[in-house]
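These notes are about the structure you will find just below.
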Amino acid sequence: MHCSTPAPQDLLALAVEVARTAATTAHRMRAEGVSTVATKSTVTDVVTAADRAVERQVVEALRRARPADAVLGEEYGQRESGPAGASGVRWIIDPIDGTVNYLYGLPYCAVSLAAEVDGQVVAGVVRNVVTGEEWTATAGGGAHRAGRRLRCSTETDLGQALVATGFGYDPARRSHQARVVAELIGQVRDIRRMGAAALDLCLVAEGRLDAYFEKGLAAWDLAAGGLVAAEAGVRVTGLNGAPPGPDLVVAAPPALFGALHDRLAELDAAGGP
């Protein structure tokens, strides 16, 4: 760690301040009516003017507070404020996780902001744009919502587990993911697909969902919510010892992880396009 690197709690305090202001902006822009809509990979992957405006706002706020840090954002990619690695801190931003929900006025979208020090995520906040619910975590300091320390589900039977997942925007990938779900759904309590990975991970952290898996997550989808989940006792990995990442993220309490992991491996959940 660099000698000037602040403690995780200090990074979290900045993240919370910035995320709250960003969520307020996103909520206001949605209420006013977002009129500028572009597309990402396909016509169904909607990115709004608010998505871009919120990321710009977050980046500017971080630059004012910590000008030597690097920033990775969903909309504008990697940005360096100073020499690469000068501070050892990189911020990872998803300005609006769940942009389709946001576009349609569904109350399941969030600002996600994490701080990474020398490659390890050490602080993160996820704030629901609509409801104001907020989840925070620091590495080794636990995960919290509304002042309460979070612990994941105690469910031990996969057959009784409520499992969340998500689907990619590419039709071929979505078809593969649908086949996995079709095989899995009869072996769990039920499946939920709500459309915002960061929020799904936070709900697993507090036991409102028992487990979650998804293929195709980027760093900004996973960073803050993954830390919240892990600090609540959730095991967050890929398949067969791989780290969590684009191939697959599996998040489940230790007592459920093995059964879910093995079934997903059998179903080739990390495969397909």
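One table, with the values for the structure above:
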{"quantity": "Relative pair counts by distance (%), Cα atoms of segment 129-273, 5 Å bins", "calculated": "2, 11, 22, 24, 22, 12, 6, 2, 0"}
{"quantity": "Projected area averaged over orientations for the chain, convex hull of C-alpha atoms, nm²", "calculated": "13.5"}
{"quantity": "Cβ-Cβ FRET estimate between residue 156 and residue 28, R0 fixed at 45 Å, reported to 0.05", "calculated": "0.55"}
{"quantity": "Among 30, 174, 64: highest mean-square fluctuation, GNM of the chain, C-alpha pairs under 10 Å", "calculated": "64"}
{"quantity": "Distance (nanometres) between label positions extended 7 Å along Cα→Cβ at residue 65 and residue 120", "calculated": "2.2"}
{"quantity": "Within segment 132-234: Cβ-based charge dipole about Cα centre, in debye rounded to nearest 20 (Lys, Arg +1; Asp, Glu -1)", "calculated": "80"}
{"quantity": "Segment 44-166 shape via C-alpha gyration tensor axes, a/c threshold 1.5", "calculated": "oblate"}
{"quantity": "Extended-chain gain in nm, criterion 0.36 nm per residue less alpha-carbon gap, residue 9 and residue 86", "calculated": "25.7 nm"}
{"quantity": "The chain - percent of accessible surface contributed by carbon and sulfur, probe 1.4 Å", "calculated": "52"}
{"quantity": "Size of electric dipole in the chain: Cβ of Lys, Arg +1 and of Asp, Glu -1, about Cα centre, debye, nearest 20", "calculated": "460"}
{"quantity": "Per residue solvent-accessible surface (Å²) - segment 161-273, probe of 1.4 Å", "calculated": "36"}
{"quantity": "Cα Rg over Rh - segment 103-199, Kirkwood", "calculated": "1.02"}
{"quantity": "At least 30 Å along the helix axis (C-alpha) and Kyte average at least -1.0, DSSP helices within the chain", "calculated": "8-32"}
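The values are calculated or read from the model by the stated rules, or taken from the named source; none is laboratory data. Please read these numbers as outputs of a predicted model, since none were measured by experiment. So basically every Cβ, Gly included, is an ideal-geometry build from the backbone, and we count neighbours across all protein chains shown. Ligands, DNA and RNA are stripped out before the accessible areas are found, and what is left, the full protein with its side chains, is counted by its heavy atoms. Shrake-Rupley method; radii C 1.70, N 1.55, O 1.52, S 1.80 Å.
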